[in-house]
Amino acid sequence: MKTPDTAAPDAILIVDFGSQVTQLIARRIRETGVYCEIHPFQNASAAMAALKPKGVVLSGGPASTLDENAPTIDQSILDAGVPILGICYGQQALCMALGGKVEAGHHREFGRAEVKVQKPSALYDGVWDLGTEHQVWMSHGDRVVALPQGFEVVGTSANAPFAMIANEARRIWAVQFHPEVVHTPDGARLYANFVHTICGVESNWTMSAYRHKMIEKIRDQVGTGRVICGLSGGVDSSVAAVLIHEAIGDQLTCIYVDHGLMRLNESEQVVTMFRDQYNIPLVHVDASEVFLRELDGQSDPETKRKIIGRLFIETFEAEAKKLGGANFLAQGTLYPDVIESVSFTGGPSVTIKSHHNVGGLPERMNMQLVEPLRELFKDEVRVLGRELGLPDSFIGRHPFPGPGLAIRCPGGITPEKLDILRQADAIYLDEIRKSGQYDKIWQAFAVLLPVQTVGVMGDGRTYEFVCALRAVTSVDGMTADFYQFDMNFLGKTATRIINEVRGINRVVYDVTSKPPGTIEWE
């Protein structure tokens, strides 16, 4: 491994054709210690010029290469001479661009499949042996039926006679399946072969290197200017604040806006940690009355998000003026925020991450954004936090959305409903910690449903709210599955909530999963 330094690491470019699992390609590559970036296919030429990648991965996608306006591969990728790996739609687009043929979906293949290795290939050297069969995950309607000149079949499946193809002279490989998903058990090793063996990139992207690179970048961007950090109390903004403070010291002032939508006692914990433990200049703004007044009567989740986002900006503007002005606004934008805020066609997404200012700030603010985590996934932010010395008890906290309890209280919001939700949520998390399950769960929280039911408690009839409990497992926060509590735990937790929280007479557990690209409970 190279000694970490601040030089730009060798990189892999991922060209996004709209697959819902494109981000997982990036996760698999970064897990090998190699830096990569995702760019939409429309911007591929500019991305090639800026990134100068050592290799390119072409993602899957929902379109058909036979459609009139189907996404195509930019010629700059084919002319660059770097290794290329096509995935699903990426395989089909490669074949179409190079003179092959794709057939419309008469032989669809969705779900688990078996591929058989027909010839040796650098892509799976040391992973799969000649003549063996291996489980993969297919998701395609169209399929390749004729190869471009110079390509050969190296693997097949029951419905994809060209499941794996290669032109090793041109250093191009393509597969019809998705190596990035967990249902392709050896997929991570295939990506490791591609980036290390084929592209020749070493595992030289580390959090230590990233930390030092970002410190220099922040100093270069900020100069002698002043920075306001929008501290939410979550891991992302907190790591961003500590990193920026390490770079520029007291040129940074954190503003913690208490919008009245935090969990029980979290505001006090945030203020204590940053003022007392890190000595970072912090302004605590209690704006709860303003937020709750404007949210009064609002039930649409997107409207609530927009109100909260607008009030945050207005609060920062007012506080910046009190501080004598600032040149920069820092926030904990993550890489998924950036990707999900750009739609398949390249325009801003209407709903995803609308509470982030990912696309820039309103012109009237006259401030530049400082986003030192913009290139990181959530689990990478935690690694960086530990690198910066933040305690594990804080780094390991479950993610908490910017809009806070506003989206965990569907329907209208009142102070009374928020208090009920805080108490139930605190009991739920307390029981999870006591049972030793907290660190096994990506995110757990209570939701106060906009439903009241009739119940009998003691000798009286009640008409109170239903509380839903949610807990999911995840690696990166992009996909998730529900956590499987045993019934004894759920029974004990529900009993405590019903007994200790006035206003709740029924508790349910949510067992839905979270597909890629979705946002918090709404």
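The values are calculated or read from the model by the stated rules, or taken from the named source; none is laboratory data. What you are looking at is a predicted structure, and each value in this text was computed from that prediction instead of being measured. Cβ atoms come from the backbone with ideal geometry, glycine included; neighbour counts cover every protein chain shown. Areas reflect the complete protein model, heavy atoms only, side chains present, ligands, DNA and RNA absent. Shrake-Rupley method; radii C 1.70, N 1.55, O 1.52, S 1.80 Å.
Being of a type in the set (A, V, I, L, M) and open to solvent by 50 Å² or more (accessible area, probe 1.4 Å): is that true of A46 here? If you could, list the steps in order and put the result at the bottom.
Details: of a type in the set (A, V, I, L, M): yes; open to solvent by 50 Å² or more (accessible area, probe 1.4 Å): yes.
Yes, satisfied.
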### Query
What number goes with the only condition from (1) open to solvent by less than 10 Å² (accessible area, probe 1.4 Å); (2) farther than 24 Å from R397 by Cα that V239 does not pass?
(2)
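Quick grid of which residues meet (1) open to solvent by less than 30 Å² (accessible area, probe 1.4 Å); (2) without any contact (Cβ under 8 Å) to a residue 40 or more places away in the chain; (3) within 23 Å of L429 (Cβ to Cβ):
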site	(1), (2), (3)
L252	yes, no, no
H259	yes, no, yes
R263	yes, no, yes
V283	no, no, no
G309	yes, no, no
### Task
Can you run down the residue pairs with Cβ atoms below 7 Å, 6 or more apart or on separate chains, where the first is in the range 204-221 and open to solvent by 50 Å² or more (accessible area, probe 1.4 Å) and the partner is in a helix (DSSP H, G or I)?
R219/A247; R219/I248
### Query
If V501 passes every condition in (1) under 30 Å from the mean Cα position of the chain (by Cα); (2) of a type in the set (A, V, I, L, M, F, W, C); (3) open to solvent by less than 20 Å² (accessible area, probe 1.4 Å); (4) farther than 29 Å from G332 by Cα but one, which one does it miss?
(1)
### Message
Looking at V511 and the list (1) modelled with pLDDT of 95 or more; (2) open to solvent by 60 Å² or more (accessible area, probe 1.4 Å); (3) hydrophobic (A, V, I, L, M, F, W, C), which single condition is not satisfied?
### Response
(1)
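With respect to A166, is the statement that it is closer than 12 Å to P83 by Cβ, touching a Cys at 6+ places or on another chain (Cβ under 8 Å) and open to solvent by less than 20 Å² (accessible area, probe 1.4 Å) true? Before you say what the answer is, go through the steps one by one.
Numbers: closer than 12 Å to P83 by Cβ: yes; touching a Cys at 6+ places or on another chain (Cβ under 8 Å): no; open to solvent by less than 20 Å² (accessible area, probe 1.4 Å): yes.
No: the conditions fail for A166.
Here is a yes/no grid of residues against (1) modelled with pLDDT of 90 or more; (2) in contact with a helix residue (DSSP H, G or I) (Cβ under 6 Å, 6 or more places away or on another chain); (3) surrounded by 15 or more Cβ atoms within 10 Å (Cβ to Cβ); (4) more than 30 Å from V34 (Cβ to Cβ):
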position	(1), (2), (3), (4)
P372	yes, yes, yes, no
D379	no, no, yes, no
R382	yes, yes, yes, no
G404	no, no, yes, yes
A424	yes, yes, yes, yes
I432	yes, yes, yes, yes
G436	yes, no, no, yes
P450	yes, no, no, yes
### Query
How many residues does the range 126-141 contain that are at pLDDT 90 or above and hydrophobic (A, V, I, L, M, F, W, C)?
4
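Among the residues of the range 1-20 satisfying the criterion of being out of contact with any Gly (no Cβ under 7 Å at 6 or more places or on another chain) and buried (at least 18 other Cβ atoms within 10 Å of the Cβ), which is modelled with the lowest pLDDT? Break it down stepwise before answering.
Quick first cut of the range 1-20, residues out of contact with any Gly (no Cβ under 7 Å at 6 or more places or on another chain) only: 1-11, 13-16.
Next, from what is left, pick out any that are buried (at least 18 other Cβ atoms within 10 Å of the Cβ): 9-11, 13-16.
On the way: P9: 75, D10: 90, A11: 94, L13: 96, I14: 96, V15: 96, D16: 93.
Among those that are out of contact with any Gly (no Cβ under 7 Å at 6 or more places or on another chain) and buried (at least 18 other Cβ atoms within 10 Å of the Cβ), it is P9.
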### Query
So is R506 exposed (fewer than 12 other Cβ atoms within 10 Å of the Cβ), modelled with pLDDT under 95 and touching a strand residue (DSSP E or B) at 6+ places or on another chain (Cβ under 9 Å) or not?
no
#### Entry: Sole exception among (1) in a strand (DSSP E or B); (2) closer than 21 Å to G61 by Cβ; (3) not acidic (D, E) for V153, by number
(2)
### Task
Name the single residue, out of those in the range 141-156 being closer than 22 Å to T22 by Cβ and free of Cβ contacts under 8 Å to residues at least 60 places away in the same chain, that is most open to solvent (accessible area, probe 1.4 Å).
R143
### Tabulated pairs, the range 444-468, first closer than 18 Å to F400 by Cα and assigned to a strand (DSSP E or B), second open to solvent by less than 10 Å² (accessible area, probe 1.4 Å) and acidic (D, E), C-beta under 8 angstrom, 6+ apart or interchain
F445/D425; A446/D425
### Task
Please enumerate the residues belonging to the range 192-203 that are modelled with pLDDT of 95 or more and open to solvent by 30 Å² or more (accessible area, probe 1.4 Å).
H196, T197, G200
#### Entry: Residue in the range 175-191 that is nearest to the chain's Cα centre (by Cα), counting only those that are open to solvent by less than 10 Å² (accessible area, probe 1.4 Å) and under 18 Å from A113 (Cβ atoms)
E180
### Message
Can you confirm whether G200 is among the small types (G, A, S) and without any contact (Cβ under 8 Å) to a residue 40 or more places away in the chain?
### Response
no
### Query
R219 fails exactly one of the following numbered conditions: (1) at pLDDT below 95; (2) under 28 Å from the mean Cα position of the chain (by Cα). What is the number of that condition?
(1)
### Filter pass, G234 being surrounded by fewer than 18 Cβ atoms within 10 Å (Cβ to Cβ) and in contact with a Gly (Cβ under 8 Å, 6 or more places away or on another chain)
no
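Check whether at least one residue in the range 32-39 is part of a helix (DSSP H, G or I) and buried (at least 16 other Cβ atoms within 10 Å of the Cβ), and report yes or no.
Going through the range 32-39, the residues part of a helix (DSSP H, G or I) turn out to be none.
For the range 32-39, residues part of a helix (DSSP H, G or I) and buried (at least 16 other Cβ atoms within 10 Å of the Cβ): absent.
Considering only residues that are among the polar types (S, T, N, Q) and buried (at least 24 other Cβ atoms within 10 Å of the Cβ), look in the range 73-103 and name the one that is nearest to V144 (Cα to Cα).
Let us first name the residues in the range 73-103 that are among the polar types (S, T, N, Q), namely 75-76, 91-92.
Filter once more, so that each one left must be buried (at least 24 other Cβ atoms within 10 Å of the Cβ): 91-92.
Details: Q91: 8, Q92: 6 Å.
Going through the qualifying residues, I end up with Q92.
Would you pick out the residues in the range 372-413 that are in a helix (DSSP H, G or I), more than 22 Å from K306 (Cβ to Cβ) and either touching a Ser or Thr at 6+ places or on another chain (Cβ under 8 Å) or not β-branched (V, I, T) (or both)? Full working, then the answer.
Initial filter on the range 372-413 (in a helix (DSSP H, G or I)): 378-387, 392-395, 404-407.
Those still in the list that are more than 22 Å from K306 (Cβ to Cβ) too: 378-387, 392-395.
Within the range 372-413, K378, D379, E380, R382, L384, G385, R386, E387, D392, S393, F394 meet the criteria.
Would you confirm, using the coordinates I've provided, whether I228 is buried (at least 17 other Cβ atoms within 10 Å of the Cβ), in contact with an Asp or Glu (Cβ under 8 Å, 6 or more places away or on another chain) and closer than 30 Å to G324 by Cα? Full working, then the answer.
On the way: buried (at least 17 other Cβ atoms within 10 Å of the Cβ): yes; in contact with an Asp or Glu (Cβ under 8 Å, 6 or more places away or on another chain): yes; closer than 30 Å to G324 by Cα: yes.
Judged against the criteria, I228 is a match.
I420: within 23 Å of F485 (Cβ to Cβ), modelled with pLDDT of 90 or more and of a type in the set (V, I, T), yes or no?
Values: within 23 Å of F485 (Cβ to Cβ): yes; modelled with pLDDT of 90 or more: yes; of a type in the set (V, I, T): yes.
Taking the combined requirement at face value, the residue satisfies it.
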